[in-house]
Each structure stands twice: as C-alpha cells, then as structure tokens.
Amino acid sequence: MHENKISYIIRGAAFRAHSNLGPGLLESVYERILAYEIRKEGLNVSIQQGVPIVYEDEFFENGYRMDLLVENRVVVEVKSVDVLLDVHHKQLLTYLKLADKRLGLLINFNSVSLKDSITRIVNRL
C-alpha cells in the first residue's frame, strides 16, 4: 500500500479518536487510542518502535523511539501541546531520515479542531 493511502487511513483514525476523546489528555493516551483505531482499519502498527543510530563507528541500538510506525512505512509523531513548534517539525524530519522512511504525520491532539493540527512531513517522497 502506498504511503498516501496509509496517511489517509491514519488521518481518519485520528479524527475518530479526537472526536471521541477531545483535547487535554496525555500523549500516551492518544498514542494508544490512535494505534487501536488504525488497527481496526486492518493496518499493522508498532508503538514506540526503537530505531538504531550509527554515529561515526558507534552503533546505538535504540537511538530514539518512534511514537507509531504504520505498515513499516509511515511514521506518526503524537503530540498534546498548546502549540506545535518548529522543532517538532524538524524532529519528525530527522526521525524520517534516520529510519529511512518517506512520510511522517505530526498530529497535535491538544486542539479544538484536529483539521489544522495534522502536518505531513516528507523525506524524498
């Protein structure tokens, strides 16, 4: 399945989760509920997937953890903050590069309307 189709399914799942829960909860709650909603759509989801990093000659087994990895293709970074900062966007782009993935979604559940709180970040897509 292409990244764009996966992204469409993830966004629908995010809207359902946000509609049912509303804003104001911890990121970990939204992460689990979003994974559940995505799995209901028949997609594979890894939560807190570790990604190794090689720096110079050193191998770090779990350099960082992705919030969600869907179908081993799309990285989802879940936030529950008042305002998304530029660093959040850059963080996801760095994650995409390190994991060699082409598409990521940055979703801020702490908003009245989720419509303007989902950002697509691409890496060579």
Just to be sure I understand the filter: pairs with C-beta atoms under 8 Å, separated by 6 or more residues or on different chains, first member in region 61-85 and within 19 Å of Tyr36 (Cα to Cα), second member among the β-branched types (Val, Ile, Thr) and modelled with pLDDT under 95. Which pairs pass? Arg65/Val51; Met66/Val51
Just one listed residue, out of Lys90, Lys40, Lys5, is within 19 Å of Arg124 (Cβ to Cβ), at pLDDT 95 or above and among the basic types (Lys, Arg), and it is Lys5
Inside region 29-60, the number of residues satisfying the requirement of being without any contact (Cβ under 8 Å) to a residue 12 or more places away in the chain and in a strand (DSSP E or B) is 6
Filter result (touching a residue at least 40 places away in the same chain (Cβ under 8 Å) and not in a strand (DSSP E or B)) within region 102-114: Arg102, Phe109, Asn110, Ser111, Val112, Leu114
For region 37-79, what are the residues that are among the aromatic types (Phe, Trp, Tyr) and loosely packed, with under 13 Cβ neighbours inside 10 Å? Tyr55, Phe59, Phe60
Please go through region 107-125 and pick out each residue that is surrounded by 15 or more Cβ atoms within 10 Å (Cβ to Cβ) and either of a type outside the set (A, V, I, L, M) or farther than 21 Å from Met1 by Cβ (or both). Asn108, Phe109, Asn110, Ser111, Leu114, Ser117, Thr119, Arg120, Asn123
All but one of (1) modelled with pLDDT of 95 or more; (2) buried (at least 21 other Cβ atoms within 10 Å of the Cβ); (3) of a type outside the set (Gly, Ala, Ser) hold for Leu96; state the number of the condition that does not hold. (1)
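The values are calculated or read from the model by the stated rules, or taken from the named source; none is laboratory data. This one's a predicted model, so the numbers in the text were calculated from it and none came from an experiment. With ideal geometry, Cβ positions are generated from the backbone for all residues, glycine too; neighbour counts draw on all protein chains shown.
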